[in-house]
Structures are given as structure tokens and as C-alpha cells.
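Novice: First the structure, which I've put down as C-alpha cells, then a few questions once you've had a look.
The values are calculated or read from the model by the stated rules, or taken from the named source; none is laboratory data. Just so we're clear, the structure is a prediction, and the values are computed from it rather than from any experiment. To get the accessible areas, we keep the full protein, side chains included, count just its heavy atoms, and leave off ligands, DNA and RNA. Shrake-Rupley method; radii C 1.70, N 1.55, O 1.52, S 1.80 Å.
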Amino acid sequence: MRLLVVEDDPELGRRLSERLRAADFAVELATSRSEAEDWPDVARMAAVILDLGLPDGSGLDLLRHWRDQRLETPILILTARGSWQDKVEGLNAGADDFVVKPVRFEELLARLNALFRRQQGTRATTITAADLTLDPLARTATLAGSPLLLSKQEFRLLHLFLRRAGQVLSQADILDDLYALDDEREPNTVEVLIGRLRRKIGRERITTLRGLGYRFAK
């Protein structure tokens, strides 16, 4: 899942991005309002983590701009501004959550996953399809009750398929979800990953639709 972090402090942005990548997210980093506003595919992000104190404008104004443009991507404000007025203003402007720095990374991760569950219309902490179960927080997966041994990218791919079961996903959709923009993206990487995942969960679960992409059976 791809995240856009909008943070003007380079060191904080770097450390946060590294920890999120270690938690299996693909992370992009913008350090100013103008850079974030011009981001080419923010609508395709799983979520945005937004600081309010940006060097070239207000993060709150950027949030309002995005919502005025009908951007539906979940947005979590992460800021040092912790008054109740700031929280009310941020939530009323369209934020989905408001977190005050400093925050333990585990709490931030839990809040992100709560955003994703709300977006998917579920309160369950695990995702299931038939006899497959995946726990995004524990980063575990089971098949018919037995643990699945998956690489980091196989786990991310299975997570994507389970989140969007029944939908057709193109190679571009999969690459966008699994890799940051500056990562090396090769279409044959998708084919290799899907081949490996099929061998572990069963070929029949993932259908290839020639010229369109792939569909995971619900």
C-alpha cells in the first residue's frame, strides 16, 4: 500500500518513511505544500500523512484544497499542534484522523490500519477469503489454518488482492500499490510474483484476464 508523507522536516520525514517501509508500505515523501499539491497520483495513494506546518503554506489549506477537488484518499494529520481547536479545525476541514507529535509509531500504525478498515467498511482486524486469512498488523497469513510463508512482496500482493477481491487489477495497479515511484518497476516483476503466490495459495484463486490484468476470487 502506498502512502504519501507530507513533512517539511527532512530528518523526521526520513525516519518516519523508513519505519513505514519496514512495516511493508511503499512511501513517497513531499517536503512542501507545493510539492504535495502537484503530486501526480495522490488519488491513488492508500493514505496521506499530513503535517500542518509547511514552509510554503498551510497544511490545513492544502487539506481543504484536496477535499474541494473531491479527493477521497484518507488523510491523517500528524502535527505538533495539539490544541482542541486545532483538532476540531483539522477534522472539520476533512481529515480522517488527527495525531499529535510525538507519537509512538505503534499507535500511528494502528490508526492507519483503522482508517483502512473504515474505508473498506469493516471493523475486523483480519481479511478473509474462503480459507485464506491475512492479518495486516501481525503481518501473518494462513491457508486452511496453516501458516503461509510469504516474502514481503508476496504478502503485500496478497494483501492487495484480498482488499480488492473480485476487481480486475492491471499490472500498473499492482505496481502502483507495491512500489514507490522511484523504485524500479518492471512489468515482468508482477508476473513472477503472481506465479510464486499461485504456487503457495492455489492457481485457481487468481485469474489472468488477457490484456486487462488479474482478478482474485472472492
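Novice: Of the residues L169, L158, L137, which exhibits the maximal mean-square fluctuation in a Gaussian network model of the chain defined by a 10 Å Cα contact cut-off?
Specialist: L137
Novice: Right, here's the next one. With a ≥ b ≥ c taken as the square roots of the eigenvalues of the C-alpha gyration tensor of the range 20-72, please select rounded if a/c is under 1.5 and otherwise prolate if a/b is larger than b/c or oblate if it is not?
Specialist: oblate
Novice: Can you tell me the mean projection area, over all orientations, of the convex hull of the chain's alpha carbons? Units nm², please.
Specialist: If you wrap the Cα atoms of the chain in a convex hull and average its projections, you get 12.3 nm².
Novice: On alpha-carbon atoms, Rg over Rh for the range 60-99 using Kirkwood Rh?
Specialist: 0.95
Novice: OK, next. Within the chain, what is the number of lysine pairs with alpha carbons under 26 Å apart, leaving out pairs fewer than eight places apart on the same chain?
Specialist: Step by step, the pairs that qualify in the chain add up to 4.
Novice: Taking H placed 1.01 Å from N in the peptide plane, check which residues at least 5 places from A47 or on another chain put their amide H under 5 Å from its amide H.
Specialist: L4
Novice: Just by accessible area at a 1.4 angstrom probe, what is the order of W39, W84 from largest to smallest? The partial results should precede the final answer.
Specialist: Details: W39 40, W84 170 Å².
Listed by decreasing accessible area, they come as W84, W39.
Novice: Further question: Counting DSSP beta bridges in the range 1-134, what percent are antiparallel, to the nearest 5? Walk me through the intermediate numbers first.
Specialist: Working: 5 of 21 bridges.
The antiparallel proportion sits near 25 percent.
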